[in-house]
Each structure stands twice: as C-alpha cells, then as structure tokens.
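Quick notes on the structure that follows.
The values are calculated or read from the model by the stated rules, or taken from the named source; none is laboratory data. What you see is a predicted model; the values in this text were computed from it and never measured. We place every Cβ from the backbone using ideal geometry, glycine too, and count neighbours over all the protein chains shown.
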Amino acid sequence: MPSRRRHSYTGGSSPATSSYSTTSTTLPDRSPAPSSTTTDRQAPNSLARWISGIFINCFTPPGSVSSKSFNDSEHDIRSRRSSTGSVQKHYYGNGNGNNGNETENQNQRFSFDEIYAATKNFSPSFRIGQGGFGTVYKVKLRDGSTVAVKRAKKSLHDDRQGAEFMSEIKTLAQVTHLSLVKYYGYLVHNDEKLLVVEYVPNGNLRDHLDCKDGKTLDMATRLDIATDVAHAITYLHMYTQPPIIHRDIKSSNILLTDNFRAKVADFGFARLAPDSESGATHVSTQVKGTAGYLDPEYLTTYQLTEKSDVYSFGVLLVELLTGRRPIELHREQKERITIRWAIKKFTSGDTISVLDPKLERNPSNNLALEKVLEMAFQCLAPHRGSRPSMKKCSEILWGIRKDYRELLNTSL
Ligand SMILES: Nc1ncnc2c1ncn2[C@@H]1O[C@H](COP(=O)(O)OP(=O)(O)OP(=O)(O)O)[C@@H](O)[C@H]1O
C-alpha cells in the first residue's frame with residue numbers, strides 16, 4: 001500500500017506556487033463552468049515553501065468543516081435524542097431497516113448482517129485497502145456479486161466525518177460513467193457506517209507503477225489510463241449538474257479493471273463545483289487533498305474550481321510517465337518534487353531522461369513522453385486561467401494516443 005499522505009492545509013504560512021516556467025502555448029478553455037473566480041490573487045513564489053507548508057500543516061482541526069453537505073429533508077433523515085442525550089441520526093430507505101439495519105438504498109440488495117457475515121466480522125483476510133476514510137473490504141454478496149465495502153473509521157464518527165461520509169454518498173449517487181467507480185448504497189448500523197461501491201478487481205494505479213505484481217505497465221496502457229481518467233473528470237466537470245470537482249485525483253484513487261481500464265474512485269472529498277448560473281464560487285475554510293497533488297492557487301486563495309482537478313491531473317500524468325511519486329523524499333534535493341525535476345529536464349531539452357526506466361526508449365514511447373509531458377505542464381500552470389479544461393485534455397490525449405499507435409504500427 002502506498003503511504004497515506006492526505007493533509008489539510010489550515011492556513012498560516014502562505015503556501016506558494018512554483019517559479020518554474022511552463023511551455024508557452026495556452027490552450028483555450030472550453031469548460032462551461034466558470035473557472036475563474038472573483039479574486040485572482042498574485043501567484044505565490046516557491047513550490048518548496050508550499051510543500052514544506054503542507055508538511056507543517058498536516059492536520060485537520062476537529063469540527064472545521066464549514067458546511068454539512070447532506071440535505072436532511074431530501075433524505076428523510078430523522079434525528080432523535082438518545083437516552084444519553086446525544087443526537088443520533090437514522091436513515092430510512094425502503095423500510096427494510098430491521099434489526100437495526102438502516103439503509104438509504106431504495107433497491108437494497110445487501111444488509112449489514114449479510115456484509116458482517118460475509119466478511120466474518122470484518123476479518124483482515126477480506127481487507128483490500130486502507131485509506132483516510134477507513135478500511136476497504138472485498139465482499140461477496142448472497143446474489144453472487146462482489147462489491148467493495150468501505151467501513152468508516154470509528155474514531156472519525158464525529159460530525160466532520162459524518163459530513164464527509166454523506167458528501168461521498170451524495171456525490172457518488174449522482175454519477176454514472178464507465179470510468180467512475182459505481183455507487184451502490186450505504187448502511188448505517190449503530191456506530192458503523194458502510195459505503196458499498198463497485199468492486200474493481202485489479203488494484204490501484206500506484207501499485208502497478210510500483211510493479212507490485214511484477215509486471216510493467218507499457219506506454220499504450222498508460223495512455224489508455226490517462227485517457228480514461230481524463231474522460232471521467234470531464235464528465236464530472238461538464239455533464240453533472242451542478243458540476244462536481246473531485247478534489248483528490250491521485251494514483252491510489254485510480255483503480256484498474258482486469259483489462260487495465262481505469263476507474264476513478266474516492267469521492268469522499270468531492271464538493272459541488274461553483275454554480276455556473278449564479279457565478280458563485282466555493283470558498284472553503286480548509287483545504288483538502290493530498291500533498292504533492294494540490295493546486296497551489298487553491299492553497300493560496302481557498303477558492304476551488306475545476307482547474308484544481310486539472311492541476312492534480314497534471315501531477316498524475318507526470319507520475320504515469322516517470323513512474324515516480326509526486327514527492328520522493330529519499331532522493332537528493334533537486335529531484336524530490338517530481339514535477340519540478342521533470343519540468344527542468346523538459347525545458348533543458350533532456351526530456352527522455354525522465355521516462356520511467358522500466359519503459360523502453362523507442363520512437364513511439366519518446367513521442368508519447370514528449371507530447372503528454374507538454375500537456376501535463378500546461379495543466380500545472382501556476383495560474384488556473386492558463387490551464388486547459390479537462391475536455392481539452394481529453395481531446396489532446398486522444399490525439400496523442402492515435403499518433404502513438406500509428407507510429408508503433410509503422411515501426412513494427
Ligand atoms: N472499489 C474498490 N474496489 C477495489 N479496491 C478498492 C476499491 N476502493 C478502494 N480500494 C482499494 O483500497 C485502497 C484504499 O482506498 P481508499 O479510497 O480508502 O483510500 P486511498 O484512496 O488509498 O487513500 P485516501 O483515503 O487518502 O484517499 C485503494 O487504494 C484500493 O487499492
């Protein structure tokens with residue numbers, strides 16, 4: 001498992017963007033939602049300071065989430081005071097919530113008891129992952145289907161985590177796309193909260209880049225994955241109403257199918273994007289995401305737009321091509337921040353040296369590296385206004401993939 005690096009930036013020292021220069025071309029933004037915000041502050045000065053800021057500020061103050069993102073009335077949540085005086089919330093769906101099992105899922109095909117039995121009381125042998133939200137289990141249901149169950153950490157069962165949990169559910173419930181992990185439902189049972197989602201069988205992208213299964217992802221597969229992810233985020237930004245900003249695009253949130261197609265997971269941090277009609281912008285009092293992937297302009301302004309996802313996607317592209325994590329602390333200083341190192345190499349004309357050493361140097365791989373990196377650096381522009389939309393990224397990637405295949409076929 002990759003180490004967890006989720007951090008919340010809580011203010012204090014001014015986080016900063018990099019002083020690097022990107023390639024000069026600026027792609028037109030075709031995103032329908034406004035990506036500029038009411039204030040456009042000065043770009044900060046140093047990526048290094050920004051990174052260190054993240055490490056210094058790596059905590060989330062309890063109760064600091066500003067808004068509860070689940071609408072009680074919409075979901076028939078009935079609050080009542082328990083004998084101990086604490087407020088308990090119960091979720092009623094189809095009326096099948098017997099034995100303390102309550103579910104919001106209208107077409108319930110699983111119950112808490114079933115999941116509890118199938119995992120032998122959440123035995124570690126059914127565990128497939130661990131994240132900030134809690135532990136993930138692989139569960140075979142009685143109808144023969146397999147699902148992934150995310151069990152919320154008990155220590156996080158406070159209002160803050162509750163809001164996050166509801167946020168994830170609400171967001172997931174809205175979206176259906178081949179390249180997004182499907183939502184099935186959730187269960188609340190006493191102090192247990194379980195989120196039930198589509199099981200994606202082939203692990204996460206980070207583990208594959210680390211060759212945990214002993215096999216290297218070839219360039220064609222990496223391009224397919226990049227294209228799938230671009231399509232999924234484009235869908236969130238353009239085809240959901242209101243638009244959804246993922247907020248936590250990273251390699252451990254990219255899950256792979258048996259055919260190595262990508263599905264974007266983990267909407268726990270997702271928030272609804274600014275409403276394009278009203279022109280409102282989301283100003284959050286706390287920044288969430290993962291160190292190394294966070295948009296520096298979001299860190300400075302606290303204003304969230306789709307372009308924050310574009311930035312994280314740029315980091316992900318560099319990770320896909322180099323095989324390196326966004327932050328590699330074991331390396332010498334000048335190579336620790338992978339995007340900085342890659343940008344330096346690219347601008348000095350030494351692009352080829354950043355290619356994942358596990359990949360063959362050949363004309364088609366070199367072409368893909370050059371083209372994808374060029375686009376990645378546009379995504380990483382310090383100012384969001386200079387970044388392409390995800391739709392534009394999808395189009396460019398599609399073209400790169402086509403050129404790559406053609407060159408590959410001619411050189412065979
Ligand atoms: N739907 C799923 N199908 C298969 N495996 C999954 C699924 N969801 C999560 N996993 C596995 O569990 C791991 C942990 O997932 P989780 O989303 O809880 O945390 P994370 O993305 O690694 O970290 P963070 O909490 O910081 O986002 C994933 O990296 C993946 O390997």
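Pick out the one residue from Lys182, Lys212 that is without any contact (Cβ under 8 Å) to a residue 24 or more places away in the chain, within 21 Å of Phe126 (Cα to Cα) and not assigned by TED's automatic domain parsing to the domain that holds Val149. Every option except Lys212 fails the conditions. Number of residues in the range 180-199 that are within 13 Å of the ligand (Cβ to nearest atom), of a type in the set (D, E, K, R) and outside any strand (DSSP E or B) equals 1. Taking the range 218-249 as the search range and keeping residues that are of a type in the set (Asp, Glu) and part of a helix (DSSP H, G or I), which one is nearest to Leu294 (Cα to Cα)? Ranking the qualifying residues of the range 218-249, first place goes to Asp228.
Enumerate the pairs (first residue in the range 384-403 and β-branched (Val, Ile, Thr); second residue anywhere and modelled with pLDDT under 95 and surrounded by fewer than 20 Cβ atoms within 10 Å (Cβ to Cβ)) with beta-carbon separation below 9 Å, excluding pairs fewer than 6 apart on the same chain, so at least 6 apart or on different chains. Matching pairs, first to second residue: Ile396/Leu27. Pairs meeting the criteria (first residue in the range 243-259 and farther than 15 Å from Asp213 by Cβ, second residue of a type in the set (Lys, Arg) and modelled with pLDDT under 95, beta carbons under 9 Å, at least 6 apart or on different chains) are Ile244/Arg271; Ile245/Arg271; Arg247/Arg271; Arg247/Lys288; Asp248/Arg6; Asp248/Lys288; Lys250/Arg5; Ser252/Arg4.
Taken over the range 370-412, residues that are buried (at least 22 other Cβ atoms within 10 Å of the Cβ) and of a type in the set (A, V, I, L, M) amount to 8. Evaluating Glu328 against the criteria (1) touching a residue at least 12 places away in the same chain (Cβ under 8 Å); (2) surrounded by fewer than 16 Cβ atoms within 10 Å (Cβ to Cβ) leaves one unmet condition, (1).
Every residue, every condition in (1) at pLDDT 90 or above; (2) in contact with a helix residue (DSSP H, G or I) (Cβ under 6 Å, 6 or more places away or on another chain); (3) of a type in the set (Asp, Glu), yes or no:
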residue	(1), (2), (3)
Lys250	yes, no, no
Ile254	yes, yes, no
Leu299	yes, no, no
Asp309	yes, yes, yes
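Among residues of the range 212-221 being surrounded by fewer than 24 Cβ atoms within 10 Å (Cβ to Cβ) and away from the ligand (no atom under 15 Å from the Cβ), the one that is farthest from Glu395 (Cα to Cα) is Gly214. Across the range 139-159, the number of residues qualifying as of a type outside the set (Ser, Thr, Tyr), more than 7 Å from the ligand (Cβ to nearest atom) and either at pLDDT 90 or above or in a strand (DSSP E or B) (or both) comes to 10.
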